[in-house]
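Working notes, beginning with the structure itself.
The values are calculated or read from the model by the stated rules, or taken from the named source; none is laboratory data. Fair warning: this is a prediction, and the values are worked out from it, not measured in the lab. Because the Cβ atoms are built from the backbone with ideal geometry, glycine has one as well, and the counts that use them run over all protein chains shown. Just so you know, the surface numbers come from the protein's heavy atoms only, side chains and all, with ligands and any DNA or RNA stripped out. Shrake-Rupley method; radii C 1.70, N 1.55, O 1.52, S 1.80 Å.
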Amino acid sequence: MRSVLIAGSAVAVLVAAGAITYAVAGEDGDGAGAVPSAGSADAGFARDMAVHHQQAVEMSYIVRDRTKDADVRRLAYDIAQTQANQRGMLLGWLDLWGLPKVSADPPMTWMGMGDMASGKDGSLMPGMATNTELKKLGTLNGKQAEIFYLQLMTDHHKGGIHMAEGCVAKCTVGVEKSLAQGMVDAQQSELTTMAQMLKERGAEPRD
């Protein structure tokens with residue numbers, strides 16, 4: 001599928017750009033070397049998106065073992081590789097800043113939404129799948145697995161885009177804001193791709 005190939009190319013560019021930004025993540029937009037605080041949007045986004053991304057990686061590797069469809073496997077691989085790389089950058093920045101990777105505050109507190117996600121059944125943030133849904137994905141095969149994965153990942157991307165837009169608005173570290181905007185752009189493109197893939201399988205997003 002041409003759209004999947006295009007999405008994969010865009011992801012590769014984003015990963016390459018992210019690798020470059022890692023080296024300067026300790027600097028603000030003016031290169032002044034400002035370091036965000038533990039309670040800042042910069043730190044909160046890095047911590048929360050690292051957790052959010054980890055689940056996307058997990059779901060993508062589950063579906064790669066449940067289907068032989070080349071387009072779905074390619075999309076899942078692109079998502080897994082991109083989000084694993086981005087997760088590494090986010091956690092690396094926390095190390096560079098000398099900040100903890102976990103917080104006593106509820107997820108999304110940095111967005112003023114700490115009371116939004118209940119964390120019920122493992123869904124810690126908007127868009128995240130529940131433990132029950134992950135278990136179900138691991139029991140499906142073929143077309144059923146493809147559809148459920150695409151639906152879960154559509155929800156996941158919508159939640160991730162909301163968080164990334166929050167960082168674009170609230171974060172102060174220039175390279176982190178740029179990475180967040182890159183996430184928004186790439187995941188919106190993938191949402192279009194996944195909607196088309198669902199349509200081809202006689203299905204649609206869950207919303």
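Miscellaneous remarks
- Restricting segment 37-52 to residues that are open to solvent by less than 10 Å² (accessible area, probe 1.4 Å) and not acidic (D, E), the residue that is nearest to G127 (Cα to Cα) is H52.
- Considering E165, E133, E190, the condition of being acidic (D, E), outside any loop (DSSP other than H, G, I, E, B) and in contact (Cβ under 8 Å) with a residue 24 or more places away in the chain is satisfied by E190 alone.
- Subset tally (residues that are surrounded by 15 or more Cβ atoms within 10 Å (Cβ to Cβ) and out of contact with any Pro (no Cβ under 8 Å at 6 or more places or on another chain)) for segment 158-170: 8
- Segment 123-157, subset small (G, A, S) and open to solvent by less than 20 Å² (accessible area, probe 1.4 Å), residue nearest to the chain's Cα centre (by Cα): A129
- Qualifying residue in segment 182-201 (condition: of a type in the set (K, R) and out of contact with any helix residue (DSSP H, G or I) (no Cβ under 7 Å at 6 or more places or on another chain)): yes
- Within segment 74-95, residues that are under 14 Å from E58 (Cβ atoms) have Cβ atoms under 8 Å from residues that are hydroxyl-bearing (S, T, Y) and open to solvent by 10 Å² or more (accessible area, probe 1.4 Å) in these pairs: A76/Y61; A80/Y61, counting only partners at least 6 apart in sequence or on another chain.
- Residue check, L91 of a type in the set (A, V, I, L, M), at pLDDT 95 or above, open to solvent by 60 Å² or more (accessible area, probe 1.4 Å) and over 24 Å from D207 (Cβ atoms): no
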